[in-house]
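Written out below as structure tokens is the structure these notes cover.
The values are calculated or read from the model by the stated rules, or taken from the named source; none is laboratory data. As the structure is a prediction and not an experimental result, all values here were calculated from the model. Every residue, glycine as well, gets a Cβ built from its backbone with ideal geometry; the counts of neighbours run over all protein chains shown. Please note that ligands, DNA and RNA were not included when accessible areas were found on the heavy atoms of the full protein model with its side chains. Shrake-Rupley method; radii C 1.70, N 1.55, O 1.52, S 1.80 Å.
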Amino acid sequence: MIKNFKLGRFFVYLFLIVAAFLSVFPFYWMFVMATRPSAAYNSIPPTLTPGDQLVENFQKVLEKIPFFGAMFNTLIMCLVVTLVVLLISSLAGFAFAKFKFPGKNILFVSILLTMIIPPQLGLIPQYYLVAKFGLLDTLFGAMVIFFLNPLGIFLMRQYISQSVSDELIEAAKLDGCSNFRIFRSIVLPIILPAFATLGIIVFTATWGEFLWQFTVLRDPDMYTIQVALSSMNTTSNVDFGMILSGVFWATIPLVIVFLMFNKLFIASITEGSVK
Amino acid sequence: MAFTRKRKYRSEATKDKISAYLYISPFFIIFAIIGLYPAIFSLYLAFQKWNGLGEMSFVGLHNFTVVLQDPIFWKSLYNTVVMGIMGTAPQIIVGIILAFILNQAYLKFKNTFRAMVFLPYITSMVAVALVFGVFFSSNDTALANYILNLFGMDSVAWKTSEWGAKIAISIMVFWRWIGYNTIIYLAGLQSIPKDLYEAARIDGASILQQLRYITIPLLKPFIVLTVFFSTVGALQLFTEPTVFLGSSAFSRTEAMTVVMYLYRDAFSLQSFGTGSATAVILLFIIVVASAINTYLTSGVRGKGKGMKS
């Protein structure tokens with residue numbers, strides 16, 4: 001009986017270790033290839049230890065794509081989108097959680113319904129609209145469609161109605177606070193944890209966006225990092241060391257941030273989808 | 001909950017209404033411009049012939065006929081469904097097993113394992129497609145082919161063969177999303193009260209019986225959620241195949257998806273009318289798939305309840 005039990009645990013750990021290995025190995029392998037000349041890729045048996053071409057490969061990346069410019073563009077885009085979404089969502093969430101007004105339920109349901117529309121439905125007119133306003137190849141054009149975030153309003157409404165008490169707002173009103181003052185001085189400080197959750201969701205989603213930027217950004221100087229990385233793979237004779245070097249350096253900042261805040265990241269997934 | 005308020009505060013109630021409308025207006029204004037207007041314009045465009053520059057002309061259902069009679073459209077729909085199933089269905093089974101293991105009380109290094117399994121999710125889809133693009137390169141010496149050869153199998157042309165491309169893309173979808181689904185199932189498992197297992201154990205239920213009669217039924221809402229997300233996500237697959245295939249993405253059909261077909265029509269062939277018709281067809285497919293999902297899962301849920309009682 002006890003022997004069986006131990007055997008069961010052994011297989012549990014074995015399964016977990018294999019799963020963890022398969023999850024992490026591509027990261028390690030990416031690092032190895034980023035430090036090797038492209039020819040190492042053709043060696044048999046495969047190269048599995050780091051080499052000395054780390055700097056050389058990255059220099060090739062810099063020659064091929066505007067890496068730092070693209071990282072900077074992406075960072076600006078993600079920050080602006082995150083701040084705008086947090087502001088729009090918390091204001092609307094506040095209204096839906098704490099105010100009474102005609103049409104409230106219909107408006108709220110209609111916001112949720114907009115989540116069903118696949119983003120590709122509007123792709124062509126959105127492109128046309130952005131082109132018409134001269135926003136092709138601009139960061140604003142690349143980020144504007146991500147200001148829409150129904151999930152954010154939903155999360156904020158949930159959080160505000162649970163954590164901001166009606167009595168607190170009532171008391172502030174009796175003291176003569178305006179509605180916006182209540183939002184700024186009472187609601188905002190209370191919902192900061194929800195900002196962290198929603199901020200992580202929005203920031204990482206915007207960071208990884210591809211289709212829209214791929215459509216509206218044609219000038220390499222305006223590329224986001226995803227479009228820049230993908231542009232390394234468009235010639236038929238590609239340098240694998242260079243590609244994986246670019247991917248490695250674009251991914252490593254996210255991995256570091258994740259390792260620092262991994263509990264917050266994982267909590268943001270469950271809060272963002274399960275509630 | 002809104003405040004309760006007496007009659008004498010009526011002027012303040014009006015003020016509140018104005019504030020509320022003001023606070024929700026940014027979303028609706030932006031939505032009107034870049035959400036609703038484009039969606040309606042797409043429906044309109046689907047019945048027009050337009051190259052993006054010249055005059056539009058009404059062509060009735062012609063665009064839909066063109067798309068629905070195009071074998072490449074049906075090929076891309078087939079590819080989308082096949083890769084969707086291969087990439088997401090195994091995630092449910094493996095995700096539940098992983099979550100079940102990660103939820104065991106005796107497990108050591110729980111947080112480390114959880115973080116490792118979740119790590120792929122933070123990489124972008126472009127990064128995943130590029131890394132797997134090298135792993136699954138068509139060279140004989142690609143790491144994937146080396147592993148196949150170790151097991152005595154022949155090398156595969158991962159980017160140009162019918163099943164090679166689909167399998168490679170499904171594997172990268174699986175790799176990136178498995179951690180996400182595991183985390184959701186784990187949250188589900190943690191919401192199941194421990195004393196249910198306790199009671200079952202006292203009644204002499206085996207681990208498998210516990211799994212069958214407690215875990216799976218109570219996990220159902222979470223499974224429904226991930227199936228819904230996976231279905232909608234799979235039908236919109238674009239980034240992975242496009243970046244994986246690189247220069248040949250829009251000229252080959254082994255892994256072309258519906259969204260790639262739409263993109264190619266609009267932005268390579270300048271045929272905005274058929275592109276919009278494809279978008280409308282995609283919307284229709286997603287709505288139908290979601291409805292079928294909801295129908296099937298509500299049936300399953302009913303069964304789950306029956307088992308409990």
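Things worth noting here:
- Per-region count, region B:186-227, residues assigned to a helix (DSSP H, G or I) and more than 10 Å from every other protein chain (Cβ to nearest Cβ): 26
- Annotation: of all residues in region A:31-50 being within 11 Å of another protein chain (Cβ to nearest Cβ), in contact with a helix residue (DSSP H, G or I) (Cβ under 8 Å, 6 or more places away or on another chain) and under 15 Å from A:ILE243 (Cα atoms), the one that is surrounded by the most Cβ atoms within 10 Å (Cβ to Cβ) is A:MET33.
- From B:SER191, B:SER290, B:SER248, residue being under 22 Å from the mean Cα position of the chain (by Cα) and either crowded, with 16+ Cβ neighbours inside 10 Å or of a type in the set (S, T, N, Q) (or both): B:SER290
- When B:PRO26 is tested against (1) at pLDDT 95 or above; (2) more than 10 Å from chain A (Cβ to nearest Cβ); (3) surrounded by fewer than 18 Cβ atoms within 10 Å (Cβ to Cβ), just one condition goes unmet, and that condition is (2).
- Checked against the criterion of being modelled with pLDDT of 95 or more and either open to solvent by less than 40 Å² (accessible area, probe 1.4 Å) or closer than 30 Å to B:ILE147 by Cβ (or both), the candidates A:LEU87, A:LEU7, A:LEU22, A:LEU83 yield just one match: A:LEU22.
- For beta carbons closer than 6 Å, sequence separation of 6+ or different chains, a first residue in region B:231-252 that is modelled with pLDDT under 90 and a second that is of a type in the set (Gly, Ala, Ser), the qualifying pairs are B:SER247/A:SER236.
- One residue from A:THR215, A:THR270 being facing chain B (nearest Cβ under 7 Å), open to solvent by less than 40 Å² (accessible area, probe 1.4 Å), farther than 27 Å from B:ILE184 by Cβ and touching a helix residue (DSSP H, G or I) at 6+ places or on another chain (Cβ under 9 Å): A:THR215
- Enumeration of residues in region A:234-256 that are crowded, with 22+ Cβ neighbours inside 10 Å and either in contact with a His (Cβ under 8 Å, 6 or more places away or on another chain) or without any contact (Cβ under 8 Å) to a residue 24 or more places away in the chain (or both): A:ILE243
- For the criterion of being under 26 Å from B:TRP175 (Cβ atoms), within 13 Å of chain B (Cβ to nearest Cβ) and either open to solvent by less than 40 Å² (accessible area, probe 1.4 Å) or in a loop (DSSP other than H, G, I, E, B) (or both), A:PRO102 fails.
- For region B:70-90, the count of residues that are without any contact (Cβ under 8 Å) to a residue 12 or more places away in the chain, within 23 Å of B:LEU45 (Cβ to Cβ), surrounded by fewer than 17 Cβ atoms within 10 Å (Cβ to Cβ) and touching a helix residue (DSSP H, G or I) at 6+ places or on another chain (Cβ under 9 Å) is at least one.
- Given (1) surrounded by fewer than 22 Cβ atoms within 10 Å (Cβ to Cβ); (2) at pLDDT 90 or above, index of the condition A:GLY176 fails: (2)
- Residue check: A:CYS78 meets all listed conditions (1) within 30 Å of A:THR235 (Cα to Cα); (2) open to solvent by 30 Å² or more (accessible area, probe 1.4 Å) but one, namely (2).
Rundown of residues vs (1) closer than 21 Å to B:GLY179 by Cβ; (2) away from chain A (no Cβ under 14 Å); (3) at pLDDT 95 or above, yes/no style:
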{"residue": "B:LEU53", "(1), (2), (3)": "no, no, no"}
{"residue": "B:THR65", "(1), (2), (3)": "no, yes, yes"}
{"residue": "B:LYS75", "(1), (2), (3)": "no, yes, yes"}
{"residue": "B:ILE85", "(1), (2), (3)": "yes, yes, yes"}
{"residue": "B:ILE96", "(1), (2), (3)": "yes, no, no"}
{"residue": "B:GLN104", "(1), (2), (3)": "yes, no, no"}
{"residue": "B:LEU107", "(1), (2), (3)": "yes, no, no"}
{"residue": "B:VAL126", "(1), (2), (3)": "yes, no, yes"}
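- Residue within region A:92-99 that is open to solvent by 10 Å² or more (accessible area, probe 1.4 Å), part of a helix (DSSP H, G or I) and of a type outside the set (Gly, Ala, Ser) present: no
- Selection within region B:91-120 - without any contact (Cβ under 8 Å) to a residue 60 or more places away in the chain and under 21 Å from the mean Cα position of the chain (by Cα): B:ILE93, B:ILE97, B:PRO120
- Residues that are in a helix (DSSP H, G or I) and either buried (at least 22 other Cβ atoms within 10 Å of the Cβ) or in contact with a strand residue (DSSP E or B) (Cβ under 7 Å, 6 or more places away or on another chain) (or both) within region B:150-176 comprise B:ALA165, B:ALA168, B:ILE169, B:SER170, B:MET172, B:VAL173, B:ARG176, listed in sequence order.
- In region B:109-118, the residue that is modelled with the lowest pLDDT out of those that are surrounded by 15 or more Cβ atoms within 10 Å (Cβ to Cβ) and of a type outside the set (Phe, Trp, Tyr) is B:LYS110.
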